Amino acid sequence: MQQLLDEKPNAWDYGPAFPNVYRAQKSSSDGLDGLQALSGEKSEYFKRFDDLINGVLDFFGDWTAGQLVAWTHEEGTAWHKKYSNKKDRYTSLNNLDILMDFKRYMK
């Protein structure tokens, strides 16, 4: 399985988050500029994922922040499995668990 980013998402308070992506967006007045700076020379690499990214945006793009938080916080999700155990909070989510979360909705 190919990954878009080398970094795994972590179980943060409001759901899964990529710390380096978060920091890049926070350091830029335009979040997309921050992501472009993060990708640097990898822009050609990211183009391979355009269809996947567009599919995710098509499906989840109209969801509110509250809806996304509620979805990621459902019992049994990758986030819930990590965050429900205090010692695992803010640690990396399991890739297989993340894949299973998306499969539930992508039928």
Pairs with Cβ under 6 Å, 6+ apart, first in segment 40-52 and part of a helix (DSSP H, G or I), second at pLDDT below 80:
46/39
Give the residues of segment 1-19 that are loosely packed, with under 13 Cβ neighbours inside 10 Å and either at pLDDT 85 or above or touching a helix residue (DSSP H, G or I) at 6+ places or on another chain (Cβ under 6 Å) (or both), sorted by residue number.
13, 14
Residue check, residue 22 against (1) of a type in the set (Ser, Thr, Tyr); (2) touching a helix residue (DSSP H, G or I) at 6+ places or on another chain (Cβ under 8 Å); (3) surrounded by 13 or more Cβ atoms within 10 Å (Cβ to Cβ); (4) modelled with pLDDT under 90, all met but one. Which one?
(2)
Mind counting the residues in segment 95-107 that are in a helix (DSSP H, G or I) and either without any contact (Cβ under 8 Å) to a residue 60 or more places away in the chain or not aliphatic (A, V, I, L, M) (or both)?
9
Apart from one, (1) in contact with a helix residue (DSSP H, G or I) (Cβ under 9 Å, 6 or more places away or on another chain); (2) modelled with pLDDT under 95; (3) farther than 13 Å from residue 16 by Cα all hold for residue 81; the odd one out is (3)
Pairs where the first residue, in segment 65-94, is part of a loop (DSSP other than H, G, I, E, B) and the second is of a type in the set (S, T, N, Q), C-beta under 6 Å, 6+ apart:
90/10
By residue number, the members of segment 25-39 that are part of a loop (DSSP other than H, G, I, E, B) and at pLDDT 75 or above are 27
Some residue of segment 46-69 being over 18 Å from residue 7 (Cα atoms) and touching a strand residue (DSSP E or B) at 6+ places or on another chain (Cβ under 8 Å):
yes
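The values are calculated or read from the model by the stated rules, or taken from the named source; none is laboratory data. Fair warning: this is a prediction, and the values are worked out from it, not measured in the lab. Every residue, glycine among them, receives a Cβ derived from its backbone with ideal geometry; neighbour counts consider all protein chains shown.
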